[in-house]
Amino acid sequence: MSTGIRFDGVTVAYDGNVVLDTFDLTVEPGEVMALLGPSGSGKTTALRAVAGFVRPAAGRVLIGGDDVTGLPPHRRGIGMVVQQYALFPHLRVDANVAFGLKARRTPRDETAARVAEALEATGMTGYAKRYPRALSGGQQQRVAIARALAIRPGVLLLDEPLSALDARLRSGMLAELARLHRDLPDVTMLYVTHDQTEALTLADRVAVMDRARLRDCGTPRELYRRPRTGFTASFVGDANLLPVTVTGRGVRLGDTDLEVPTGDAAAGAPATLCLRPHLVGLGEGPPSGPNPGTNPRTESGPKPGTKPGTNVLRGTVAEVQWRGVTHRLGVDVAGHRVIADVRELRETPAPGTAITLHFAAADAVLLPAGEAGGAAHG
């Protein structure tokens, strides 16, 4: 049976310093939940509270509906993988994987079967007799995962498990973890990371944390397409966050009126306009009808017949970065920097060049005021 996790008002403090503040979160059975946030946000503390390595000053931790707040780690039925692998260098791979089973005094025949099962699940069957020093970083991490799986945990905790790997190995291991989740749908995973790509790729839901508190929680698609706060918008992907004023039909940025959904926001109220850089294009926007010979991604200037719902921004190029298949343009608009990621340009505009940008009304998200300030990531 799958086992879920629940944080019920969990607070953790060290020497009076609160590092996890009244944390409430439910991880459904069989779900992969990523805890995403900057260093010091409280995400690793939350994971250690589930593991039993820290004792909350207040609140409860429940696994499978049972209050485990006072239980020692070995009685919680969890497996754990950390970023530095923590393999025993003097033991071969199979002995490393068997370690937790031997500690639980599992019968020898059953231990051998479970070790073989865990190695097969992680693709490490052929490496059973090797020592850790004879393995690559990615292989060592697979052994660490196999060791955690061998005890057949209801909950698997992963604390920055890929951060010590290079980019190529990290990508491969991320695919392996996704496959593992498909193959072991009953295992609930709590995955701590500061890497948005890992969270968006692997998790069923993402809990965004900052300054010891939970700031947002939802599916990767929800948090990326419709963030609820400026912090979420800037940490889950890149975002332009621009201070605007709500008008009767949309918002105003500087002297420019823009048509965007405003929901229940009152006219005259300050707000923050969120635009994803890849949804900002060059030119006045796609035409409403055929316009042969026009490429709105590589040409600026007025375009006749602009499609309704397309907003236009005019500014000056401040910087251009080549990123392989795209160029990232930094454009000063009404005293604010707007970032646009566009398809690779044959000719790049020089700094100081007047330029026109466009975006669709449906691609804009209006957020509470006070969290503006350009793009979050460079």
Mind checking which residues of region 236-260 are touching a helix residue (DSSP H, G or I) at 6+ places or on another chain (Cβ under 7 Å) and surrounded by 20 or more Cβ atoms within 10 Å (Cβ to Cβ)?
-> Val236, Gly237, Ala239, Asn240, Leu241, Val260
Is it the case that some residue within region 13-29 is over 18 Å from Val208 (Cβ atoms), of a type outside the set (Phe, Trp, Tyr) and buried (at least 18 other Cβ atoms within 10 Å of the Cβ)?
-> no
Has region 308-331 got any residue that is modelled with pLDDT of 95 or more, of a type in the set (D, E, K, R) and farther than 22 Å from Gly237 by Cβ?
-> yes
Return the pairs, sorted by first residue and then second, in which the second residue is of a type outside the set (Asp, Glu), the first residue lies in region 86-108 and is on the phi > 0 side of the Ramachandran plot, the beta carbons are less than 8 Å apart, and the residues are 6+ apart or on different chains.
-> Ala86/Ala144
What do you reckon, is Met189 touching a His at 6+ places or on another chain (Cβ under 8 Å), in the same structural domain as Lys43 (by TED's automatic domain parsing), more than 30 Å from Gly263 (Cα to Cα) and outside any loop (DSSP other than H, G, I, E, B)?
-> yes
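One line per residue, one yes/no per condition, for (1) in contact with a helix residue (DSSP H, G or I) (Cβ under 7 Å, 6 or more places away or on another chain); (2) under 27 Å from Ala13 (Cα atoms):
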| site | (1), (2) |
| --- | --- |
| Val61 | yes, yes |
| Pro72 | no, yes |
| Ala86 | yes, yes |
| Arg92 | no, no |
| Val97 | yes, no |
| Arg108 | no, no |
| Arg114 | yes, no |
Mind checking which residues of region 254-278 are under 13 Å from Ala369 (Cα atoms) and in a strand (DSSP E or B)?
-> Pro270, Ala271, Thr272, Leu273, Cys274
When only residues in region 53-78 that are under 25 Å from the mean Cα position of the chain (by Cα) and either touching a residue at least 40 places away in the same chain (Cβ under 8 Å) or at positive phi (or both) count, which is surrounded by the most Cβ atoms within 10 Å (Cβ to Cβ)?
-> Val61
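The values are calculated or read from the model by the stated rules, or taken from the named source; none is laboratory data. Keep in mind that what you see is a predicted model, and the values were worked out from it rather than measured. Note that each Cβ is placed from the backbone with ideal geometry, even for glycine, and that neighbours are counted across all protein chains shown.
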